[in-house]
Amino acid sequence: MQFLEALREQRWDDHRYYHHSRINQTLHLVSAISFLTAYVMLFIDPAVGALIGWLISMTSRQAGHFFFEPRGYDHINDATHEHKEEIKVGYNLQRKIVLMAIWALSPLVLLVDPTLFGIFKPYQTVGEFVRQTGMIWLVIGVGGLLARTLQLFVIRDVQTGLVWAAKIMTDPFHDVKLYYKAPYYLLQGELIDPRHGQHRPDDVLDDVLDGAEEDDETLLRPQNS
């Protein structure tokens, strides 16, 4: 129960601090659906799953944060952008820039050494190059998850790291539930969620924690000072 409540808390903080924009929410919905597709493909063709995960899921997800999420003073949460970046449990924008740079530059390694230090057979076609790039991206994705989890073990505690890892892996399921109406509101011309951060949204763990399905009412939560 403590683990599940900590997961609920991390989800809430991520939503209220970093998902004000309806465009960002919509892009997260696109990202979530494509991530779920990538999850399935990982069991069928890991290289294709990684290509979907990075080229569609990650790019749409991070574009929402980089280009559309407001970075001014957050009056709803009474927090500056700098404060939110400092307390971010997972990858804040600075860490994301580093991760995305590694991802974007990683195919150059194959151009320098087509065998990747003896791991691959030298590619003969563009298709082989793309598939080998997909496998590299799969390793980068898993490595990025494990690296931050282990770092949180050291700078926070083991539970915080495990909760964050669980959150990242289950975010696509949660985001579909949370943001499935975002495109509708966006088409109505609503660029910023007017009730953002005022009420705690339904959580995918509600059924587990409460033992029954929640109705559409949201749970009121006091703002942090």
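The values are calculated or read from the model by the stated rules, or taken from the named source; none is laboratory data. Please read all numbers here as calculations on a predicted model, not as lab measurements. Because the Cβ atoms are built from the backbone with ideal geometry, glycine has one as well, and the counts that use them run over all protein chains shown.
Whenever a residue of region 23-45 is at negative phi, its partners that are assigned to a helix (DSSP H, G or I) and of a type in the set (Asp, Glu), lying with C-beta atoms within less than 6 angstrom and at least six residues away or across chains, give the pairs 28/175; 32/175. Given the conditions (1) within 20 Å of the chain's Cα centre (by Cα); (2) closer than 25 Å to residue 8 by Cβ, which single one is not true for residue 136? Every condition holds for residue 136 apart from (2). Kindly indicate whether residue 72 is in contact with a Ser or Thr (Cβ under 9 Å, 6 or more places away or on another chain) and small (Gly, Ala, Ser). Criteria met by residue 72. Say whether the condition of being closer than 16 Å to residue 46 by Cβ and either among the hydroxyl-bearing types (Ser, Thr, Tyr) or surrounded by 12 or more Cβ atoms within 10 Å (Cβ to Cβ) (or both) is met by at least one residue in region 145-162. Yes, that holds for at least one residue.
Of all the residues in region 96-106, those that are surrounded by 15 or more Cβ atoms within 10 Å (Cβ to Cβ) and without any contact (Cβ under 8 Å) to a residue 40 or more places away in the chain number 2. Can you spot a residue in region 156-179 that is modelled with pLDDT of 95 or more, within 16 Å of the chain's Cα centre (by Cα) and farther than 20 Å from residue 18 by Cα? Yes. Restricting attention to region 172-193, the residues that are touching a residue at least 12 places away in the same chain (Cβ under 8 Å), surrounded by fewer than 19 Cβ atoms within 10 Å (Cβ to Cβ) and charged (D, E, K, R) add up to 2. The set of residues from region 112-161 being among the hydrophobic types (A, V, I, L, M, F, W, C) and in contact with an Asp or Glu (Cβ under 9 Å, 6 or more places away or on another chain) comprises just one member, 120.
Residue 20: in contact with a Pro (Cβ under 6 Å, 6 or more places away or on another chain), farther than 21 Å from residue 138 by Cα, surrounded by 16 or more Cβ atoms within 10 Å (Cβ to Cβ) and not polar (S, T, N, Q), yes or no? For residue 20, the condition - in contact with a Pro (Cβ under 6 Å, 6 or more places away or on another chain), farther than 21 Å from residue 138 by Cα, surrounded by 16 or more Cβ atoms within 10 Å (Cβ to Cβ) and not polar (S, T, N, Q) - is met. Among the numbered conditions (1) hydrophobic (A, V, I, L, M, F, W, C); (2) in contact (Cβ under 8 Å) with a residue 40 or more places away in the chain; (3) under 29 Å from residue 46 (Cα atoms), the only one that residue 142 does not meet is (2). Of the set (1) over 15 Å from the mean Cα position of the chain (by Cα); (2) under 22 Å from residue 62 (Cα atoms), all apply to residue 141 but (1). Taking the criterion of being over 20 Å from the mean Cα position of the chain (by Cα) and either in a strand (DSSP E or B) or closer than 26 Å to residue 162 by Cα (or both), the only residue of region 78-91 that qualifies is 79.
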